[in-house]
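Remarks on the structure that follows.
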Amino acid sequence: MSSESSSSRIPEAVLARAPKVLLHDHLDGGLRPGTVAELAEQTGYQALPATDPVALGRWFRDAADSGSLVSYLETFAHTCGVMQTEEALVRVAAEAVEDLAADGVVYAEVRYAPELFVERGLSLDAVVEAVQAGFEEGERRVAAAGGRIRVGTLLCAMRQHARALEIAGLAVRYRDAGVVGFDIAGPEDGFPPTRNLDAFEFLRTNNAHFTIHAGEAFGLASIWEAIQHCGAERLGHGVRIVDDIKTDSDGTVHLGRLAAYVRDRRIPLEICPTSNVQTGAARSIGEHPIGLLARLRFRVTVNTDNRLMSGCSMTSEFAALAEAFGFGLADLEWFTINAMKSAFLDFDQRLDIINTVIKPGYAALR
Ligand SMILES: O=c1[nH]cnc2c1ncn2[C@H]1C[C@H](O)[C@@H](CO)O1
Ligand SMILES: [Zn+2]
């Protein structure tokens, strides 16, 4: 990594101010605990495990800290449970934008699965329009407070349901209204990405962008299918690519064909360190494959995944990685530029954010 890397600690205030780009953040994984409690009260959702915001925040973190993706995902019943009205969706989306801006995020792609918010009769279109209204409201509030953030939306289909083609159609219909791409999420083991080939073919035919959660709870076969059969432009997590990298006792590194392909083609890895520790995809932050992958110059990006379930922010993920691997500001800028280059935003706009926000932002911190 960069020659500027050092183990000297970067002050938290500097990390907080550093411009950040977030490509992998779930709307239903990022609610404020107090908002979950208030929405439960307002919408008559009665299954919350706690109502005190502090206790509730702790419950989400502890329950998600399960060592398995499937149990981790069970916690989303409670956030989705309170997100079944337009008002709730607008509020959650607006607050997400405010929280990300406060965390120093200048560009974010926030994702969610519209099919999870139709339990009380909302149509898929109504869900998308409410969330977009919330994002726009959040952007207005941030701008009014003198901040700056741009948010794009990714629509997810759930792998265990059979609605991917329908959701891909929704993503394409709302492409000029803030939706910048598509993803599949949910349990990976037993639900390979090729189950949704029709959706990916539809998206490619329409020149639309998509990423796929792959290489988190299942290994190389999932990554290979996502890239070579489905045509994913980015990998959600993708950390299991290390299974295709061997290191000799003398330190020589050998990349298998798939790992070499991912690196050669500069396929972005949306890495979410704390989430990976919680689901068992990595043993600890210190042993997380991001250290090796960054050293080998894969196109690594740093992400939160679920700020509520992981009790994290971009600032705390940067801090944990800087502490564990000695990353310096130059490395954090590299992750940020990697992410901005990999965004599903028009090229000229990506370039503009890199040149007018990210580079000057890091220069000002030195
Ligand atoms: O890390 C993840 N892997 C797979 N699915 C996930 C992850 N984090 C959240 N999800 C699921 C739960 C949400 O309800 C859904 C859409 O945001 O995506
Ligand atoms: Zn995710």
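Read-outs: derived from the displayed coordinates by stated rules, not from any lab. Worth saying up front: this structure is predicted, and the values here are computed from it rather than measured. Here the Cβ is made from the backbone with ideal geometry for all residues, glycine too, and neighbour counts use every protein chain on show.
Within segment 12-53, can you find the residues that are assigned to a helix (DSSP H, G or I) and either without any contact (Cβ under 8 Å) to a residue 24 or more places away in the chain or within 16 Å of ligand 2 (Cβ to nearest atom) (or both)? Of everything in segment 12-53, those that are assigned to a helix (DSSP H, G or I) and either without any contact (Cβ under 8 Å) to a residue 24 or more places away in the chain or within 16 Å of ligand 2 (Cβ to nearest atom) (or both) turn out to be ALA13, LEU27, ASP28, GLY29, GLY34, ALA37, GLU38, GLU41, PRO53. A Cβ distance below 6 Å, combined with a sequence gap of six or more or placement on separate chains, defines the contacts here; from segment 138-164, residues that are within 21 Å of VAL128 (Cβ to Cβ) reach residues that are surrounded by 15 or more Cβ atoms within 10 Å (Cβ to Cβ) and among the hydroxyl-bearing types (Ser, Thr, Tyr) in the pairs ARG150/TYR107. Scanning segment 326-348 for residues that are over 19 Å from the mean Cα position of the chain (by Cα) and touching a residue at least 60 places away in the same chain (Cβ under 8 Å), which turns out farthest from HIS209 (Cα to Cα)? That would be GLY326.
When the residues of segment 338-361 are filtered to those that are out of contact with any Asp or Glu (no Cβ under 9 Å at 6 or more places or on another chain) and more than 17 Å from ARG148 (Cα to Cα), which remaining residue is surrounded by the most Cβ atoms within 10 Å (Cβ to Cβ)? Spell out the reasoning first.
So the first thing to find is which residues in segment 338-361 are out of contact with any Asp or Glu (no Cβ under 9 Å at 6 or more places or on another chain), and the list is 338, 340-341, 346-357, 360.
Now narrow it down to the ones that are more than 17 Å from ARG148 (Cα to Cα): 338, 341, 346-348.
Numbers: ASN338: 21, LYS341: 16, ASP346: 10, PHE347: 9, ASP348: 7.
Among those residues, the one meeting the criterion is ASN338.
Among residues that are under 29 Å from THR315 (Cβ atoms) and free of Cβ contacts under 8 Å to residues at least 60 places away in the same chain, VAL110 is not included.
Residues that are assigned to a loop (DSSP other than H, G, I, E, B), among the hydroxyl-bearing types (Ser, Thr, Tyr) and either touching a helix residue (DSSP H, G or I) at 6+ places or on another chain (Cβ under 6 Å) or over 17 Å from ALA157 (Cβ atoms) (or both) within segment 81-127 comprise just one, THR85.
What residue, of GLY169, GLY181, GLY186, GLY238, is within 27 Å of ALA126 (Cα to Cα) and surrounded by 22 or more Cβ atoms within 10 Å (Cβ to Cβ)?
Details: GLY169 fails: surrounded by 22 or more Cβ atoms within 10 Å (Cβ to Cβ); GLY186 fails: surrounded by 22 or more Cβ atoms within 10 Å (Cβ to Cβ); GLY238 fails: within 27 Å of ALA126 (Cα to Cα).
The conditions single out GLY181.
If only one of LEU27, LEU69, LEU56, LEU23 is surrounded by 18 or more Cβ atoms within 10 Å (Cβ to Cβ) and more than 19 Å from the chain's Cα centre (by Cα), which one is it?
LEU56
Screening segment 241-268 for residues that are of a type in the set (Val, Ile, Thr) and exposed (fewer than 15 other Cβ atoms within 10 Å of the Cβ) and picking the one that is farthest from ILE212 (Cα to Cα) gives THR252.
So which helices (runs of 4 or more DSSP H) stay within segment 257-325 end to end and still have 2 or more residues that are under 26 Å from SER8 (Cα atoms)? Break it down into steps so the answer makes sense when it comes.
Numbers: elements: 257-264, 273-279, 290-295, 307-310, 314-325.
It comes to 273-279, 290-295, 314-325.
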